[in-house]
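Engineer: Let me begin by handing over the structure; questions about it come next.
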């Protein structure tokens, strides 16, 4: 049945949730066969291109939301460094640094449910404009919820893509956040898509969710027709409610990526935060398991690995341009 499902996807047909759960429940002895099938699907619909993006944590900490995985929530004592919005010159310098390291997309991320002050938002607009003028980077952002006026300003300044993760399934969401609803997040994604923006929306595995929750997330972002799907792996932060969660086994992470590729054959599926800690020496295998994108450089509050190592990994696999 695995090979039949692969043929079905290669023929341009969708698999069902029940079929996705069949893939999830395959015996461990067939995991490598599953990964190879996902890689074949990726090669047909995506090719060898690896989407590389980077981010800057432009405003850190003091977030009013209570997301149980987040080191930047004001609800938890995590020791995370907090600071107000960076100056536009500093954001531009970071963008140029990451462009020199091989990034193609550069995302500006701010903590909180949204950028509250008009002054901060206008400073961000100027930062976007400078990056567009002085680099060849595609500009992305993750600024929380948006109203129509701000969405229009971002579009006018040439914003390429907006990130707004759903994090997990609708049924599990209340276990990780109570200060806003899943519907709030879904509606923001719909709002952005309706205004012609590309949307990056995925989630985190290792929150205590079931594999079925992960499949529900994949089908939700499929229904929303998002353009890029980040898969993060929980890196537990001391002081958060999830600081004692068991790590996700590496092969389980790869299986998750492979099943996402069966569900989302034509989308960018990107491995992001937590990959160095959780996959270790198996990071290269992710690019042969359905993944076609990486977040490179540092993350929001944790360090990544040297970008040169990621570029060498991609080259060694015969991937890239």
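Engineer: Indicate, rounded to the nearest 5 percent, the antiparallel portion of the DSSP beta bridges found entirely in the range 1-153. Each step should come with its number before you reach the end.
Structural biologist: Values: 2 of 14 bridges.
Restricted to the range 1-153, the bridges split so that about 15 percent are antiparallel.
Engineer: Next question. With just the Cα atoms of the range 64-111, tell me how far they stretch along each of the three principal axes, in Å, largest first.
Structural biologist: 36, 20, 16
Engineer: Need one number: % antiparallel among DSSP beta bridges in the chain, to the nearest 5.
Structural biologist: Here the antiparallel bridges make up roughly 5 percent for the chain.
Engineer: Along Cα→Cβ, 7 Å out, is where each label goes; now give me the distance between the ones at residue 284 and residue 317 in nm to one decimal.
Structural biologist: Label-label distance for residue 284 and residue 317, simple model: 1.0 nm.
Engineer: Something else now. With no solvent and one equal point scatterer placed on each C-alpha of the range 18-115, evaluate the Debye formula and give log10 I(q)/I(0) for q = 0.12, 0.16, 0.22, 0.25 Å⁻¹, two decimals.
Structural biologist: So the normalised log intensities are -0.71, -0.86, -1.01, -1.20.
Engineer: If you take the C-alpha gyration tensor of the range 14-67, multiply each eigenvalue by 5 and take the square root, what semi-axes do you get, largest first, in whole Å?
Structural biologist: So the equivalent ellipsoid measures 34, 20, 12 Å along its semi-axes.
Engineer: Taking the Kirkwood radius as the inverse of the mean 1/r across Cα pairs, report the Rg/Rh of the range 70-140.
Structural biologist: Result for the range 70-140 is an Rg/Rh of 1.02.
Engineer: Let me ask something additional. How many percent of DSSP beta bridges within the range 50-136 run antiparallel, rounded to 5?
Structural biologist: Taking every DSSP beta bridge with both residues in the range 50-136, the antiparallel ones total about 10 percent.
Engineer: Please report the projected area of the range 47-88's Cα convex hull averaged over all directions, in nm².
Structural biologist: It is 4.9 nm².
Engineer: Here is a follow-up. Determine the relative contact order of the range 107-177: mean sequence separation of Cα pairs under 8 Å and six or more apart, normalised by residue count, in whole percent.
Structural biologist: It rounds to 36 percent for the range 107-177.
Engineer: Sticking with this one: With runs of 4+ DSSP H residues as the only contributors, calculate the mean residue ellipticity of the chain at 222 nm using -39,500 (n - 2.57) per run, divided by the residue total and rounded to the nearest 500.
Structural biologist: -12500 deg cm²/dmol
Engineer: Give the Kirkwood hydrodynamic radius (Å, one decimal) of the range 118-252, defined as one over the mean of 1/r across all pairs of different Cα atoms.
Structural biologist: 16.3 Å
Engineer: Can I ask one more? Working out 0.36 nm times the residue gap between residue 266 and residue 118, then minus their Cα-Cα distance, what length gain in nm do you get to one decimal?
Structural biologist: Extra length from residue 266 to residue 118 when fully extended: 49.5 nm.
Engineer: Multiplying the sequence separation of residue 81 and residue 134 by 0.36 nm and subtracting their Cα-Cα distance, what value in nm do you get?
Structural biologist: Separation in residues times 0.36 nm, less the Cα-Cα distance, equals 16.2 nm.
Engineer: Sort out for me the Cα centre separation of the range 253-321 from the range 1-57, rounded to whole Å.
Structural biologist: When both Cα centres are located, 15 Å separates them.
Engineer: With N set to the residue count of the range 177-245, report its C-alpha Rg divided by 2.2 N^0.38 Å to two decimal places. Let's see the in-between values first.
Structural biologist: Details: Rg = 13.6 Å, N = 69, 2.2 N^0.38 = 11.0 Å.
So the range 177-245 has a normalised radius of gyration of 1.23.
Engineer: Moving on to the next point. Report the relative contact order of the chain, percent, no decimals, based on alpha-carbon pairs under 8 angstrom and at least 6 residues apart.
Structural biologist: Values: 603 pairs, mean separation 76.1, N = 321.
It rounds to 24 percent for the chain.
Engineer: Next question. Run the simple label-point estimate for residue 17 and residue 126 please: 7 Å along Cα→C-beta, distance reported in nm.
Structural biologist: Reported label-point gap for residue 17 and residue 126 is 4.9 nm.
Engineer: To test your reading of the geometry: what angle, between 0 and 90 degrees and rounded to tens, separates the Cα axis of helix 182-194 from the longest principal axis of the chain?
Structural biologist: Between helix and principal axis, roughly 80 degrees.
Engineer: Please report Rg over Rh for the range 262-320, where both radii come from the alpha carbon positions and Rh follows the Kirkwood definition.
Structural biologist: Dividing the radius of gyration by the Kirkwood radius yields 0.95.
Engineer: Given contacts defined as C-alpha pairs under 8 Å and at least six residues apart, what's the relative contact order of the range 36-158, whole-number percent? Write down the numbers at each step before the final one.
Structural biologist: Details: 171 pairs, mean separation 32.1, N = 123.
Reported relative contact order: 26 percent.
Engineer: Expressed as cubic angstrom per residue, what is the convex hull volume of the alpha carbon set of the range 196-321?
Structural biologist: 122 Å³
We did not get these values from a lab; they are worked out from the coordinates using the rules stated. These numbers come from a predicted model, not from an experiment. Counting neighbours? That spans all protein chains shown, and the Cβs are built from the backbone with ideal geometry, glycine included.
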